[in-house]
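The values are calculated or read from the model by the stated rules, or taken from the named source; none is laboratory data. Because the structure is a prediction, the values reported are computed rather than measured. We place every Cβ from the backbone using ideal geometry, glycine too, and count neighbours over all the protein chains shown. Please note that ligands, DNA and RNA were not included when accessible areas were found on the heavy atoms of the full protein model with its side chains. Shrake-Rupley method; radii C 1.70, N 1.55, O 1.52, S 1.80 Å.
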Amino acid sequence: MLGKLEERVGDKSEMPVLHMDLQALSINDECNERRKTHIETQLNIIKSDRLKCSLRLFGLQVTETNEQELLALVANEVLDVTEESDSLDITSVVSVRRIGEKQEWQAREDVDDERKHDDTRMVLLQFSRSNDTFKLFKYTDTLRFKGIRISNDPSHLQRQQLKEIKKKGLIGYFKNGELCINA
């Protein structure tokens, strides 16, 4: 790049000035890149902290038509597994919603009937306090016995990192905000 600039500049006496300007721009660019990375990291921490109250649910059959019916399904299938000391009820839920569209392959005729009726889109469940999510994690085995799995809701940056790990054929997860990779 510097060579092309030297060709364009007719007056060779301005070369040291161009070199100094390019160095200043390069240093400025490096500083901006570090600041951008720092800001992205801080933003990810803020988003992760906000998502501590959220869980992902997998395995709930689609039987409801609106949010109230989905809330009732979550209360009956998920929240009722807790013991008296860890009691969770509908009042601790801020929001609940299905994510994604019904799978296109379910409408195809070449798919077997058992798989065609497997409509278990992910459900995002948000509690008012993060302690409620921790209470529910105590009952992971009980929920798994019912065919329901739960996981934390990762931030966008964390989901991107997990996708990159998956592309490499590895399995990753986040523990205390740090990416862990199973080799």
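Output the number of the condition that Val94 fails; it satisfies all remaining conditions of (1) open to solvent by 80 Å² or more (accessible area, probe 1.4 Å); (2) in contact with a Leu (Cβ under 8 Å, 6 or more places away or on another chain); (3) at pLDDT 80 or above.
(2)
Pairs please, first residue from segment 149-164 and in contact (Cβ under 8 Å) with a residue 60 or more places away in the chain, second anywhere and part of a loop (DSSP other than H, G, I, E, B) and open to solvent by less than 80 Å² (accessible area, probe 1.4 Å), Cβ atoms under 6 Å, 6+ apart in sequence or on different chains.
The qualifying pairs are Arg149/Gly59.
For segment 17-58, name all the residues that are in contact with a helix residue (DSSP H, G or I) (Cβ under 8 Å, 6 or more places away or on another chain), of a type outside the set (A, V, I, L, M, F, W, C), within 27 Å of Lys135 (Cβ to Cβ) and modelled with pLDDT of 80 or more.
Hit for segment 17-58 is Ser54, nothing else.
For Leu162, work out the one condition from (1) at pLDDT 85 or above; (2) open to solvent by 40 Å² or more (accessible area, probe 1.4 Å); (3) out of contact with any Pro (no Cβ under 8 Å at 6 or more places or on another chain) it doesn't fulfil.
Result: Leu162 fails condition (3) only.
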